[in-house]
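Visitor: Next up is a structure, given as structure tokens.
The values are calculated or read from the model by the stated rules, or taken from the named source; none is laboratory data. All figures in this text were calculated on a predicted structure; none of them were measured in a lab. FYI the Cβ positions are ideal-geometry reconstructions off the backbone, even for glycines, and counts take in every protein chain you see. When the accessible area is computed, the model is the full protein with side chains, heavy atoms only, and any ligands, DNA or RNA have been set aside. Shrake-Rupley method; radii C 1.70, N 1.55, O 1.52, S 1.80 Å.
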Amino acid sequence: MRWGAQIAPAASVLDLAAGSGRHTLWLAARGCRVTAVDRDGDALQGLSDRAEVIVADLESGPWPLAGRRFDAIVVTNYLWRALFPQLLTTLADSGLLVYETFAANHETVGRPRRPEFLLRRGELLDACRGLRIVAFEDGFLADPERFVQRIAAVREPASSVPARWVLDAPGEQRGSVESTDSGTRE
């Protein structure tokens, strides 16, 4: 809900690992065109009148959304690291990624406890490299007790990416500027 205002009412939204559809229902009520994906078809029952429903095993099956792009992608309480590149490809230009899941140290307060299901420090920042980070949080929340990482990040259209400063490298002048859209250097 915190980042919902950033999603236009008619936007196409992917709710990945949607479960029973808490986010799907909220987004659909705002007028979004939602696609809910989860491996548990029973959990998705009751959503088909509000969203496109896709039953798919994201961890062992093929990517069920090949060639599709979404204005927003929402992922909560789910981590399958192999999907990060696919998520970035599936996010449309100017699209918003909202991702929150459990982080290191969560094993001290609850499940999941296994490291493969807990983000390492700053891992979401690394996974979203190339996107414009709107917000990032990494820490403890009290009610209910949990350690999480959260990120809201936007895919900038290629034409709107500004020039960036390049740090000194051997043989280069200090303060050089690299243009990211024309490929030239000044």
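Visitor: Would you call residue 17 buried (at least 19 other Cβ atoms within 10 Å of the Cβ) and in contact (Cβ under 8 Å) with a residue 24 or more places away in the chain?
Guide: Considered against the rule, which asks whether it is buried (at least 19 other Cβ atoms within 10 Å of the Cβ) and in contact (Cβ under 8 Å) with a residue 24 or more places away in the chain, residue 17 comes out as yes.
Visitor: If you don't mind, another one. Which of the residues that make up the range 37-78 are over 23 Å from residue 117 (Cα atoms) and among the small types (Gly, Ala, Ser)?
Guide: Passing the criteria: 46, 48, 51, 66, 67, 72.
Visitor: Moving on. For the range 117-133, does any single residue satisfy the condition of being among the aromatic types (Phe, Trp, Tyr) and outside any strand (DSSP E or B)?
Guide: yes
Visitor: May I ask you to list the residues in the range 66-81 that are assigned to a loop (DSSP other than H, G, I, E, B) and either among the hydrophobic types (A, V, I, L, M, F, W, C) or closer than 26 Å to residue 103 by Cβ (or both)? Lay out the reasoning, then the answer.
Guide: Step one: list which residues in the range 66-81 are assigned to a loop (DSSP other than H, G, I, E, B), which gives 66-69, 77-80.
The answer is 66, 77, 78, 79, 80.
Visitor: State yes or no: is residue 50 over 29 Å from residue 146 (Cα atoms) and either of a type in the set (A, V, I, L, M, F, W, C) or surrounded by fewer than 17 Cβ atoms within 10 Å (Cβ to Cβ) (or both)?
Guide: yes
Visitor: Would you be able to tell me the number of residues in the range 68-82 that are modelled with pLDDT of 95 or more and open to solvent by 50 Å² or more (accessible area, probe 1.4 Å)?
Guide: Qualifying residue count for the region: 3.
Visitor: To continue, here is another question. Would you point out the residue of the range 1-25, among those that are more than 16 Å from residue 99 (Cα to Cα) and not small (Gly, Ala, Ser), that is modelled with the highest pLDDT?
Guide: My answer is 25.
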